[in-house]
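J.: Next up is a structure, given as C-alpha coordinates.
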Amino acid sequence: MTQRSEQDLARTLRAAAGLAPEPVADLTVAVAARRRSRRRARVRTTLVVAGVAVAVGCGTVVAAGSFPFRGGEGGTVGVAVATPTPSEIPSTTPEGASMKVKPAAEVWPEAVFKMPAKAADGWRYRPVTALSPTEVLLFAESSFEKAGRLEVYDQTTKRFSVLAETPPTEGLKKYFIQEAEVDSRNIAYYATAQKPDGTPVAEFWVVPRSGGKPTLVTTIDGEQAADVVSVALAGDHLAWSLRKGGVYRVPLAGGDAEKVPGSDGLQVLSWPWAADARAIGDEPGPGNQSRLLNLETGERRSIENADGLKLLRCGPALCYGNRDGGRTPAGVVQGVDGADRRELPGLDGDGSPPIADRFVLFGGINAVEGGQDDPASAPVAVIYDRVTGTLGGIGFRTKDGSGGYGRGTSSSPSLIFYWGVDRLDKPAEYWVLNLAAVHSAE
(Lines give C-alpha, C1' and ligand atoms only; values in the text may rest on other atoms or scores of the structure.)
Protein backbone atom coordinates (compact mmCIF):
# COMPACT_ATOMS: atom_id res chain seq x y z
CA MET A 1 0.00 0.00 0.00
CA THR A 2 1.42 3.38 -0.93
CA GLN A 3 1.81 6.30 1.41
CA ARG A 4 -0.84 8.26 -0.48
CA SER A 5 -3.37 5.45 -0.33
CA GLU A 6 -2.76 5.11 3.40
CA GLN A 7 -3.54 8.79 3.86
CA ASP A 8 -6.65 8.53 1.69
CA LEU A 9 -7.82 5.60 3.80
CA ALA A 10 -7.15 7.58 6.94
CA ARG A 11 -9.40 10.37 5.69
CA THR A 12 -12.13 7.86 4.91
CA LEU A 13 -11.88 6.42 8.40
CA ARG A 14 -12.08 9.89 9.93
CA ALA A 15 -15.28 10.52 8.01
CA ALA A 16 -16.68 7.16 9.07
CA ALA A 17 -16.07 7.96 12.74
CA GLY A 18 -19.36 9.87 12.75
CA LEU A 19 -21.21 6.55 12.32
CA ALA A 20 -19.81 4.76 15.36
CA PRO A 21 -22.14 3.48 18.14
CA GLU A 22 -22.57 4.69 21.70
CA PRO A 23 -19.63 4.28 24.14
CA VAL A 24 -18.75 1.23 26.13
CA ALA A 25 -15.65 2.62 27.84
CA ASP A 26 -13.70 5.77 28.49
CA LEU A 27 -11.33 6.95 25.77
CA THR A 28 -7.91 8.59 25.76
CA VAL A 29 -7.00 12.18 26.54
CA ALA A 30 -7.57 13.11 22.92
CA VAL A 31 -11.21 13.62 23.63
CA ALA A 32 -11.81 17.05 22.30
CA ALA A 33 -13.13 16.60 18.90
CA ARG A 34 -15.88 16.96 16.38
CA ARG A 35 -19.33 17.74 17.72
CA ARG A 36 -21.08 14.75 16.24
CA SER A 37 -18.25 12.53 17.45
CA ARG A 38 -19.35 13.49 20.95
CA ARG A 39 -23.00 12.97 20.07
CA ARG A 40 -22.87 9.72 18.06
CA ALA A 41 -19.33 8.33 18.05
CA ARG A 42 -18.08 7.69 21.54
CA VAL A 43 -16.36 4.37 21.00
CA ARG A 44 -12.81 3.82 19.85
CA THR A 45 -12.48 1.31 17.03
CA THR A 46 -9.04 -0.20 16.50
CA LEU A 47 -8.06 -0.73 12.88
CA VAL A 48 -4.89 -1.49 10.97
CA VAL A 49 -3.55 0.73 8.18
CA ALA A 50 -0.51 -0.75 6.45
CA GLY A 51 0.40 -2.64 9.61
CA VAL A 52 -0.06 0.34 11.93
CA ALA A 53 -2.80 0.15 14.57
CA VAL A 54 -4.99 3.25 14.64
CA ALA A 55 -7.97 4.27 16.72
CA VAL A 56 -10.92 6.13 15.26
CA GLY A 57 -13.74 7.88 17.06
CA CYS A 58 -14.48 10.72 19.43
CA GLY A 59 -11.53 12.79 18.38
CA THR A 60 -9.07 10.12 19.39
CA VAL A 61 -5.69 10.60 17.77
CA VAL A 62 -3.71 7.38 17.92
CA ALA A 63 -1.01 5.93 15.63
CA ALA A 64 2.13 6.82 13.81
CA GLY A 65 0.19 8.61 11.07
CA SER A 66 -2.00 10.55 13.55
CA PHE A 67 -5.71 11.19 13.19
CA PRO A 68 -6.23 14.86 14.07
CA PHE A 69 -9.82 15.92 14.67
CA ARG A 70 -11.00 19.36 15.61
CA GLY A 71 -13.26 21.10 18.02
CA GLY A 72 -13.68 24.83 17.78
CA GLU A 73 -12.61 28.17 19.12
CA GLY A 74 -14.25 31.42 20.07
CA GLY A 75 -12.76 34.25 18.06
CA THR A 76 -9.18 35.25 17.57
CA VAL A 77 -8.69 36.19 21.24
CA GLY A 78 -5.85 38.61 20.84
CA VAL A 79 -3.93 36.70 18.19
CA ALA A 80 -1.96 39.01 15.93
CA VAL A 81 -2.58 38.18 12.28
CA ALA A 82 -0.27 39.47 9.59
CA THR A 83 0.10 38.70 5.91
CA PRO A 84 3.64 37.64 4.94
CA THR A 85 5.10 38.75 1.65
CA PRO A 86 6.16 36.26 -1.04
CA SER A 87 9.80 36.90 -0.17
CA GLU A 88 9.18 35.67 3.38
CA ILE A 89 7.63 32.36 2.32
CA PRO A 90 9.18 30.29 -0.47
CA SER A 91 6.63 29.11 -3.03
CA THR A 92 7.99 25.57 -3.23
CA THR A 93 10.04 23.12 -1.22
CA PRO A 94 12.54 20.63 -2.71
CA GLU A 95 10.90 17.35 -3.73
CA GLY A 96 11.42 14.61 -1.17
CA ALA A 97 12.74 16.94 1.54
CA SER A 98 11.92 16.16 5.15
CA MET A 99 10.58 18.67 7.64
CA LYS A 100 12.39 19.37 10.90
CA VAL A 101 9.82 19.86 13.63
CA LYS A 102 10.66 20.83 17.20
CA PRO A 103 8.20 20.44 20.09
CA ALA A 104 5.78 23.34 20.45
CA ALA A 105 7.21 24.07 23.91
CA GLU A 106 10.58 24.86 22.31
CA VAL A 107 9.15 26.84 19.41
CA TRP A 108 6.60 28.86 21.43
CA PRO A 109 7.67 28.63 25.09
CA GLU A 110 5.42 31.57 25.99
CA ALA A 111 2.37 29.60 24.83
CA VAL A 112 2.86 26.13 26.40
CA PHE A 113 2.19 25.34 30.06
CA LYS A 114 1.09 22.53 32.37
CA MET A 115 -2.19 22.42 34.26
CA PRO A 116 -4.08 19.84 36.35
CA ALA A 117 -6.32 17.56 34.30
CA LYS A 118 -8.95 17.25 37.03
CA ALA A 119 -10.51 19.29 39.80
CA ALA A 120 -10.16 18.73 43.54
CA ASP A 121 -13.51 16.88 43.56
CA GLY A 122 -12.27 14.47 40.89
CA TRP A 123 -14.20 15.95 37.96
CA ARG A 124 -12.10 15.93 34.82
CA TYR A 125 -11.39 19.06 32.79
CA ARG A 126 -12.06 19.43 29.09
CA PRO A 127 -10.45 22.59 27.63
CA VAL A 128 -12.85 24.63 25.52
CA THR A 129 -11.21 27.83 24.30
CA ALA A 130 -8.74 30.59 25.08
CA LEU A 131 -10.18 33.56 26.94
CA SER A 132 -6.86 35.39 26.76
CA PRO A 133 -3.14 34.58 26.27
CA THR A 134 -3.09 33.30 29.88
CA GLU A 135 -6.63 32.02 30.53
CA VAL A 136 -8.34 28.85 29.36
CA LEU A 137 -12.08 28.20 29.49
CA LEU A 138 -12.91 24.67 30.70
CA PHE A 139 -15.82 22.34 31.12
CA ALA A 140 -15.61 20.25 34.32
CA GLU A 141 -17.14 16.79 33.77
CA SER A 142 -18.48 14.47 36.46
CA SER A 143 -18.18 11.55 34.04
CA PHE A 144 -17.35 11.11 30.38
CA GLU A 145 -18.77 14.15 28.52
CA LYS A 146 -21.15 15.02 31.37
CA ALA A 147 -20.18 18.67 31.80
CA GLY A 148 -21.52 20.24 34.99
CA ARG A 149 -19.47 23.42 35.40
CA LEU A 150 -17.81 26.17 33.40
CA GLU A 151 -14.43 27.13 34.87
CA VAL A 152 -11.42 29.26 33.99
CA TYR A 153 -7.77 28.36 34.59
CA ASP A 154 -5.25 31.20 34.86
CA GLN A 155 -1.75 29.97 34.11
CA THR A 156 -0.13 33.01 35.78
CA THR A 157 -1.81 32.48 39.17
CA LYS A 158 -2.25 28.67 38.77
CA ARG A 159 -5.82 29.07 40.03
CA PHE A 160 -9.23 27.87 38.89
CA SER A 161 -12.40 29.96 39.07
CA VAL A 162 -15.96 28.65 38.69
CA LEU A 163 -18.00 30.74 36.24
CA ALA A 164 -21.25 28.81 36.22
CA GLU A 165 -22.98 25.55 37.08
CA THR A 166 -24.35 23.81 33.96
CA PRO A 167 -26.66 21.01 35.15
CA PRO A 168 -28.87 19.04 32.73
CA THR A 169 -32.44 20.19 32.28
CA GLU A 170 -34.91 18.20 34.33
CA GLY A 171 -37.10 15.89 32.31
CA LEU A 172 -34.62 15.44 29.43
CA LYS A 173 -32.51 12.33 28.81
CA LYS A 174 -29.19 11.75 26.98
CA TYR A 175 -28.22 15.32 27.82
CA PHE A 176 -24.82 16.35 26.43
CA ILE A 177 -23.30 19.83 26.28
CA GLN A 178 -21.68 20.03 22.87
CA GLU A 179 -19.69 23.21 22.13
CA ALA A 180 -19.21 26.78 23.36
CA GLU A 181 -18.37 30.17 21.88
CA VAL A 182 -16.97 33.32 23.46
CA ASP A 183 -17.09 37.01 22.63
CA SER A 184 -16.12 40.09 24.68
CA ARG A 185 -19.31 39.94 26.76
CA ASN A 186 -20.70 36.41 26.86
CA ILE A 187 -20.12 32.68 26.70
CA ALA A 188 -22.70 30.71 24.73
CA TYR A 189 -23.08 26.95 24.63
CA TYR A 190 -25.58 24.44 23.32
CA ALA A 191 -26.70 21.04 24.54
CA THR A 192 -28.46 18.19 22.77
CA ALA A 193 -30.90 15.85 24.50
CA GLN A 194 -34.12 13.91 24.05
CA LYS A 195 -37.60 14.23 25.44
CA PRO A 196 -39.00 11.12 27.18
CA ASP A 197 -40.66 10.12 23.88
CA GLY A 198 -37.31 10.31 22.05
CA THR A 199 -37.90 13.65 20.27
CA PRO A 200 -34.55 15.45 19.70
CA VAL A 201 -34.03 18.70 21.62
CA ALA A 202 -31.37 21.40 21.37
CA GLU A 203 -30.98 24.06 24.07
CA PHE A 204 -29.00 27.29 23.65
CA TRP A 205 -27.60 28.97 26.76
CA VAL A 206 -25.66 32.15 27.53
CA VAL A 207 -23.53 33.09 30.54
CA PRO A 208 -21.88 36.47 31.21
CA ARG A 209 -18.16 36.21 30.55
CA SER A 210 -17.57 37.37 34.14
CA GLY A 211 -19.69 34.46 35.39
CA GLY A 212 -23.18 33.96 36.75
CA LYS A 213 -26.26 31.81 36.26
CA PRO A 214 -26.80 30.53 32.70
CA THR A 215 -29.82 31.91 30.85
CA LEU A 216 -31.75 29.69 28.47
CA VAL A 217 -32.04 31.74 25.26
CA THR A 218 -34.15 29.32 23.23
CA THR A 219 -35.04 25.65 22.77
CA ILE A 220 -35.80 23.88 19.49
CA ASP A 221 -36.98 20.33 18.93
CA GLY A 222 -37.60 17.87 16.16
CA GLU A 223 -35.60 17.45 12.96
CA GLN A 224 -33.78 20.80 13.15
CA ALA A 225 -32.64 20.09 16.72
CA ALA A 226 -31.02 16.85 15.54
CA ASP A 227 -29.13 18.76 12.82
CA VAL A 228 -27.51 21.50 14.94
CA VAL A 229 -23.72 21.43 14.56
CA SER A 230 -22.42 24.69 16.06
CA VAL A 231 -23.23 27.82 18.04
CA ALA A 232 -22.09 31.41 17.51
CA LEU A 233 -22.39 34.81 19.18
CA ALA A 234 -23.49 37.55 16.79
CA GLY A 235 -23.60 40.78 18.76
CA ASP A 236 -27.00 40.90 20.47
CA HIS A 237 -27.99 37.58 18.89
CA LEU A 238 -27.14 33.92 19.35
CA ALA A 239 -26.80 31.91 16.13
CA TRP A 240 -26.49 28.26 15.17
CA SER A 241 -25.68 26.25 12.05
CA LEU A 242 -27.29 23.11 10.68
CA ARG A 243 -25.50 20.07 9.30
CA LYS A 244 -26.73 20.48 5.72
CA GLY A 245 -26.31 24.23 5.85
CA GLY A 246 -28.42 27.14 6.98
CA VAL A 247 -27.76 29.60 9.80
CA TYR A 248 -30.41 30.75 12.28
CA ARG A 249 -30.31 33.44 14.94
CA VAL A 250 -32.38 34.63 17.87
CA PRO A 251 -32.04 37.70 20.13
CA LEU A 252 -30.10 37.02 23.33
CA ALA A 253 -33.00 38.62 25.18
CA GLY A 254 -35.33 35.99 23.69
CA GLY A 255 -37.82 36.06 20.86
CA ASP A 256 -38.49 34.38 17.54
CA ALA A 257 -35.68 32.72 15.60
CA GLU A 258 -35.05 33.72 11.98
CA LYS A 259 -32.97 32.27 9.18
CA VAL A 260 -30.03 34.48 8.21
CA PRO A 261 -30.52 35.64 4.59
CA GLY A 262 -28.15 34.00 2.09
CA SER A 263 -27.08 31.22 4.49
CA ASP A 264 -28.53 28.28 2.54
CA GLY A 265 -25.89 25.54 2.29
CA LEU A 266 -23.50 27.38 4.61
CA GLN A 267 -22.22 26.89 8.16
CA VAL A 268 -20.59 29.49 10.38
CA LEU A 269 -16.80 29.25 10.57
CA SER A 270 -16.29 32.14 12.99
CA TRP A 271 -18.91 34.86 13.10
CA PRO A 272 -19.67 36.61 10.79
CA TRP A 273 -17.99 34.38 8.18
CA ALA A 274 -19.72 31.28 6.85
CA ALA A 275 -18.53 28.65 4.36
CA ASP A 276 -19.85 25.80 2.23
CA ALA A 277 -17.55 23.17 3.76
CA ARG A 278 -16.14 22.82 7.26
CA ALA A 279 -14.61 19.45 8.06
CA ILE A 280 -14.55 15.79 7.19
CA GLY A 281 -17.80 14.13 8.15
CA ASP A 282 -19.79 17.39 7.84
CA GLU A 283 -22.28 17.94 5.06
CA PRO A 284 -21.86 18.71 2.19
CA GLY A 285 -18.98 16.27 2.54
CA PRO A 286 -15.19 16.18 2.43
CA GLY A 287 -14.79 18.01 -0.88
CA ASN A 288 -13.20 21.42 -1.35
CA GLN A 289 -14.49 24.63 0.11
CA SER A 290 -15.44 27.03 -2.69
CA ARG A 291 -16.86 30.18 -1.14
CA LEU A 292 -17.06 32.45 1.89
CA LEU A 293 -19.87 34.78 2.89
CA ASN A 294 -19.91 37.57 5.48
CA LEU A 295 -23.35 37.15 7.06
CA GLU A 296 -23.38 40.74 8.30
CA THR A 297 -22.24 42.66 5.22
CA GLY A 298 -23.10 40.23 2.43
CA GLU A 299 -19.51 40.25 1.12
CA ARG A 300 -18.69 37.14 -0.91
CA ARG A 301 -15.21 35.75 -1.50
CA SER A 302 -14.40 33.15 -4.13
CA ILE A 303 -11.56 30.74 -3.47
CA GLU A 304 -8.75 30.15 -5.95
CA ASN A 305 -7.68 26.54 -6.44
CA ALA A 306 -5.74 26.59 -9.70
CA ASP A 307 -3.53 23.65 -8.65
CA GLY A 308 -6.34 21.23 -7.85
CA LEU A 309 -5.62 20.93 -4.13
CA LYS A 310 -7.67 18.42 -2.17
CA LEU A 311 -9.52 19.09 1.10
CA LEU A 312 -9.09 22.82 0.55
CA ARG A 313 -10.25 24.81 3.59
CA CYS A 314 -10.17 28.59 4.07
CA GLY A 315 -10.71 31.37 6.53
CA PRO A 316 -11.37 34.93 5.35
CA ALA A 317 -7.77 35.28 4.10
CA LEU A 318 -5.90 31.96 4.52
CA CYS A 319 -6.39 28.60 2.78
CA TYR A 320 -4.69 25.22 2.94
CA GLY A 321 -5.08 21.85 1.31
CA ASN A 322 -3.17 18.82 0.07
CA ARG A 323 -1.14 18.33 -3.11
CA ASP A 324 -0.92 14.86 -4.60
CA GLY A 325 1.74 13.60 -6.97
CA GLY A 326 5.50 13.38 -6.84
CA ARG A 327 7.49 11.30 -4.42
CA THR A 328 6.27 13.16 -1.33
CA PRO A 329 2.72 14.43 -0.80
CA ALA A 330 2.60 17.93 0.65
CA GLY A 331 0.37 20.27 2.56
CA VAL A 332 -0.04 23.62 0.79
CA VAL A 333 -0.74 26.96 2.47
CA GLN A 334 -1.87 29.96 0.38
CA GLY A 335 -4.03 33.06 0.40
CA VAL A 336 -7.69 32.88 -0.61
CA ASP A 337 -6.62 34.37 -3.95
CA GLY A 338 -3.95 31.68 -4.42
CA ALA A 339 -1.01 33.99 -3.63
CA ASP A 340 1.74 33.54 -1.02
CA ARG A 341 1.86 29.79 -1.57
CA ARG A 342 4.08 27.43 0.41
CA GLU A 343 4.41 23.65 0.18
CA LEU A 344 5.21 21.59 3.29
CA PRO A 345 6.34 18.09 2.23
CA GLY A 346 5.12 15.14 4.24
CA LEU A 347 2.39 17.10 6.02
CA ASP A 348 -1.25 16.32 5.36
CA GLY A 349 -4.25 18.50 6.20
CA ASP A 350 -7.37 16.79 7.54
CA GLY A 351 -9.97 19.28 6.34
CA SER A 352 -10.36 21.37 9.50
CA PRO A 353 -10.44 25.16 8.96
CA PRO A 354 -7.40 27.43 9.44
CA ILE A 355 -7.10 28.90 12.92
CA ALA A 356 -7.44 32.69 13.29
CA ASP A 357 -6.31 33.06 9.66
CA ARG A 358 -2.79 32.34 10.90
CA PHE A 359 -2.28 28.75 12.07
CA VAL A 360 -2.84 25.40 10.32
CA LEU A 361 -3.09 21.93 11.85
CA PHE A 362 -1.33 19.14 9.94
CA GLY A 363 -1.19 15.40 10.46
CA GLY A 364 0.18 12.82 8.02
CA ILE A 365 3.67 13.38 9.38
CA ASN A 366 5.41 10.23 8.13
CA ALA A 367 7.84 12.35 6.09
CA VAL A 368 8.77 14.54 9.06
CA GLU A 369 12.43 14.03 9.93
CA GLY A 370 12.72 11.15 12.39
CA GLY A 371 9.11 10.10 11.87
CA GLN A 372 9.74 7.02 9.72
CA ASP A 373 12.88 5.55 11.27
CA ASP A 374 11.89 6.36 14.86
CA PRO A 375 8.13 6.89 15.21
CA ALA A 376 8.38 7.68 18.92
CA SER A 377 10.53 10.73 18.12
CA ALA A 378 7.96 12.33 15.80
CA PRO A 379 5.14 14.58 17.01
CA VAL A 380 1.57 13.35 16.75
CA ALA A 381 0.59 16.44 14.75
CA VAL A 382 2.13 19.72 13.62
CA ILE A 383 1.00 23.34 13.91
CA TYR A 384 2.22 25.70 11.18
CA ASP A 385 2.43 29.45 11.86
CA ARG A 386 1.88 31.37 8.65
CA VAL A 387 3.25 34.64 10.08
CA THR A 388 6.65 33.36 11.21
CA GLY A 389 6.93 30.25 9.02
CA THR A 390 7.61 28.09 12.10
CA LEU A 391 6.40 24.56 12.86
CA GLY A 392 5.65 23.16 16.31
CA GLY A 393 4.94 19.53 17.19
CA ILE A 394 2.14 18.58 19.58
CA GLY A 395 0.86 15.46 21.31
CA PHE A 396 2.06 12.66 23.60
CA ARG A 397 3.72 9.58 22.10
CA THR A 398 4.37 6.23 23.68
CA LYS A 399 7.50 4.20 22.98
CA ASP A 400 5.65 2.09 20.40
CA GLY A 401 4.87 5.22 18.36
CA SER A 402 1.15 5.59 19.17
CA GLY A 403 0.02 8.91 20.58
CA GLY A 404 -2.74 11.39 21.09
CA TYR A 405 -3.82 14.96 21.75
CA GLY A 406 -7.03 16.94 22.23
CA ARG A 407 -8.38 20.18 20.83
CA GLY A 408 -10.59 22.76 22.47
CA THR A 409 -14.29 22.15 21.89
CA SER A 410 -15.68 25.49 20.80
CA SER A 411 -17.45 25.96 17.51
CA SER A 412 -15.04 28.14 15.55
CA PRO A 413 -11.47 26.94 14.91
CA SER A 414 -9.72 26.25 18.21
CA LEU A 415 -6.65 28.01 19.54
CA ILE A 416 -6.27 25.40 22.29
CA PHE A 417 -4.53 22.02 22.00
CA TYR A 418 -3.69 19.72 24.91
CA TRP A 419 -2.24 16.29 25.70
CA GLY A 420 -1.18 14.19 28.68
CA VAL A 421 2.12 14.96 30.38
CA ASP A 422 3.04 11.32 31.00
CA ARG A 423 0.27 9.12 29.60
CA LEU A 424 -2.55 9.02 27.05
CA ASP A 425 -5.49 7.88 29.17
CA LYS A 426 -6.70 10.01 32.10
CA PRO A 427 -3.44 11.85 32.85
CA ALA A 428 -2.98 13.80 36.06
CA GLU A 429 -1.75 16.84 34.13
CA TYR A 430 -2.09 18.31 30.66
CA TRP A 431 0.36 20.15 28.51
CA VAL A 432 -1.64 23.01 26.97
CA LEU A 433 -0.73 25.00 23.85
CA ASN A 434 -2.57 28.34 23.82
CA LEU A 435 -2.05 29.85 20.36
CA ALA A 436 -3.48 33.14 21.61
CA ALA A 437 -0.15 33.58 23.42
CA VAL A 438 2.09 33.08 20.38
CA HIS A 439 3.95 36.30 19.55
CA SER A 440 3.33 37.92 16.18
CA ALA A 441 7.07 37.93 15.40
CA GLU A 442 10.01 35.88 16.58
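J.: When you scan the stretch 199-227, how many residues do you find that are out of contact with any Lys or Arg (no Cβ under 8 Å at 6 or more places or on another chain) and basic (Lys, Arg)?
T.: Number satisfying all stated conditions: 1.
J.: Right, next: If we keep just the residues of the stretch 311-328 that are modelled with pLDDT under 90 and in a loop (DSSP other than H, G, I, E, B), which is farthest from Ser263 (Cα to Cα)?
T.: The residue in question is Arg327.
J.: Of the residues Gly308, Gly254, Gly287, Gly265, which single one is outside any helix (DSSP H, G or I), modelled with pLDDT under 95, touching an Asp or Glu at 6+ places or on another chain (Cβ under 6 Å) and surrounded by fewer than 22 Cβ atoms within 10 Å (Cβ to Cβ)?
T.: One residue alone meets the criteria, Gly265.
J.: Still on this model: Of (1) crowded, with 24+ Cβ neighbours inside 10 Å; (2) modelled with pLDDT under 95; (3) over 24 Å from Val268 (Cβ atoms), Gln372 satisfies all except one. Which?
T.: (1)
The values are calculated or read from the model by the stated rules, or taken from the named source; none is laboratory data. Quantities reported herein were computed from a predicted structural model and do not represent experimental measurements. When we count neighbours, we look across all protein chains shown, and the Cβ atoms used for this are built from the backbone with ideal geometry, even at glycine.
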